[in-house]
Each structure stands twice: as C-alpha cells, then as structure tokens.
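Reading through the structure tokens given below for one structure.
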Amino acid sequence: MNQPLVYISLLNWGDAADCINCIYSLKQLNYTNYKLLIRDNASPNNSYKQLKDAFPEFSIMQSEANLGYAAGHWENYKIAKENGAELLWILNSDLEVHPNALDELITAYKEYGDHIYGSVSLQPQNKDIIDFGGAANKNRFKEPFIYNEWKDKEYKYLLAKYPDNYEVQVVEGSSMLLPINLVEKEGFMKLDFFMYAEESDYCYSLGKKGVRSIVATKSIIYHKNAGSVKSHKNLSVIPAYYRRRNSLRFQKEHFDFSRWGCLRYKNGVAANLKTILRGVLLNKKDLNYFYALACLHAFLDKKGKTVHPENFIK
C-alpha cells in the first residue's frame, strides 16, 4: 500500500514529561513512513536536555526564542518541505495518539485530496468521552459556528452518525494534517496569533476559498489540554489572555463584530476598569485584569506575543 511521506511536527515548551509520553505513543504508530521533527520552543527549564537524554536517536531542535504555536510549526514545515514530505502532521505535545490515528488521516487524505484533516480527541481519563469533535454550523460562513458541540458526549454517538469522515468548519490544531501542496498554494497559518485560534482562522479562511476541513472520525488522540501552561500555577493568565484576545480578533475578522464590541464584551474593559487601574497602579494583576487587557488589545488590533509566558515563572 502506498504510504506518502509524513513529517510529524511536535513542539515542547517547559513540559518534557508530556512530550516524552507523546513521543512514546508515536513510536507505536502502525503507519511507518514518517519522520519526527521535535522542536523545543526555548523552554525556560531543562526540557531540552531531558528530551535529548530520553531520545538520543532523534535530532532534537531548539529555537532561540519562544516563537509560539504557528511560528514553531512553520519552522518545522520548512524542513519537511525541503526534505520531500507530502504531508505535515501538526501535533500538540500533551497528548497520546492511537496507533491507527495517522492511518485514518491518510485514508481520508487519499479520498479527498488537498484539504485540511483533523482527529477526534477523547478525554484521557475517560476514553469514551469526546474532548473535541470538530466545529460546525449549518449556516456555513454566515454566522459564528458552534465550536465544540460534541464535547463531553460519548464517542460512540459521533461514530454512529459519521462512521468515517465528516466536514466541519474548523478542526483542532492539536492534531491537524496538512498537505504540503495545499500550504504552497494557500499559505500557512498566521504567525501573529502567538497561541490559540490560529488554526480556527486558517480553516475558516481557507474554507471560504473552497478548502474543506474534514474530521477523520476514526483517527483518535487522547488530549490532556494546556499541558505547557499547567506546568506552573502562575501561567493560568496566559490562556486567559490569548484565548480571549484571539477569539475577539477572529470574530472581528470573520463576523459582524465591531472593534467596539471588544470593549463591551463580558469581563471587558468597561466592566473591569477598576481592575485594570488596580493592576497598573498597584501591580495586582489577576485573571480579570488579563481578560480585560485582552479585550483592550483586541480593540487596539494588537497582535503577536504581547504577554510573555516567561515572565510568570521567574
């Protein structure tokens, strides 16, 4: 059976234990024609050394700076392309893959061609329950989609409704298969989200051009979620900020959501003016401060790495 060459892109930031566990699961894949690209995204601890010690057989790369999700995978994409890969499989490091996960993605790719493919993620503590099953809406591209309507539902019901594959508006970036030809034609994800929502923007933007996002229903991963930011108690502000800022950016760019809506948004600037002033004047910055800051930055069209994770673990 023809097996196209797949390069697997894996990023680590500060959480070598989860990344090592993910790599061990990848070594159990039934699919054999793949190369593994492991990149440490300038971890602030000894993760890079831990990875090198655990897997001397692999070339473990280290970025000079924390580039963020899309930018880190972009560096790996360039290596994959230069070495003749047909596909790039982007994975989060805080997950385990089912041995058939890549086979099922490849099967879908062979059927549909140059489109975007994703897996179904199940809860690692309860492997019958869905963590993410695709984002969809019947009124395609006319109103905001339901991001995760299958969350917390039993996997068997999704499988019964869609035995093989089904089209969505957005797959999850924790497991996303991209044909190299597609990226060469349409470009890569935007690098200035830093983290969160860049894959949603990518799927949605390309969907308007006729590129389909397809979930391979039998491609299974077990996703812990937010592994890196759970490595230190102070890092909870990072998803609070970036999820909100980038969600608002996504809504502004794709739906009828004005920039002024960013200020009026729940827990936004108007609702938390006192919180912002206290954070600035007294340096008491809680989650509400970062929620509000995210709304303000979305209003101001700030992009990229504006809140630095490294500053919260010193």
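The values are calculated or read from the model by the stated rules, or taken from the named source; none is laboratory data. Predicted model, so just to flag it, every value in this text is computed and none were measured. A quick note on method: Cβ atoms are made from the backbone with ideal geometry, for glycine too, and the neighbour counts reach across all protein chains shown. Each accessible area value is taken on the protein alone, full model and side chains, heavy atoms only, with ligands, DNA and RNA left out. Shrake-Rupley method; radii C 1.70, N 1.55, O 1.52, S 1.80 Å.
Restricted to helices (runs of 4 or more DSSP H) entirely inside region 132-220, those with at least 3 residues that are touching a residue at least 24 places away in the same chain (Cβ under 8 Å) and more than 27 Å from ALA85 (Cα to Cα) are 155-161.
Can you tell me which of LYS218, LYS252, LYS161 is over 23 Å from ILE106 (Cβ atoms), charged (D, E, K, R) and open to solvent by 10 Å² or more (accessible area, probe 1.4 Å)? LYS252 is the lone residue from the list that is over 23 Å from ILE106 (Cβ atoms), charged (D, E, K, R) and open to solvent by 10 Å² or more (accessible area, probe 1.4 Å). The residue of region 8-63 that is modelled with the lowest pLDDT, among those that are hydroxyl-bearing (Ser, Thr, Tyr) and open to solvent by 20 Å² or more (accessible area, probe 1.4 Å), is SER59. Screening region 164-176 for residues that are under 20 Å from the mean Cα position of the chain (by Cα) and acidic (Asp, Glu) and picking the one that is surrounded by the fewest Cβ atoms within 10 Å (Cβ to Cβ) gives GLU167. For region 184-193, filtering for residues that are open to solvent by 10 Å² or more (accessible area, probe 1.4 Å) and either touching a Gly at 6+ places or on another chain (Cβ under 8 Å) or within 10 Å of LEU88 (Cα to Cα) (or both) leaves 2. I need every pair where a residue in region 247-271 that is closer than 17 Å to ALA197 by Cβ has its Cβ under 6 Å from the Cβ of a residue that is at pLDDT below 70, sequence separation at least 6 or different chains. Every condition considered, the pairs that remain are PHE255/PRO144.
Mind counting the residues in region 99-123 that are farther than 18 Å from LEU5 by Cβ and among the small types (Gly, Ala, Ser)?
So the answer is 3.
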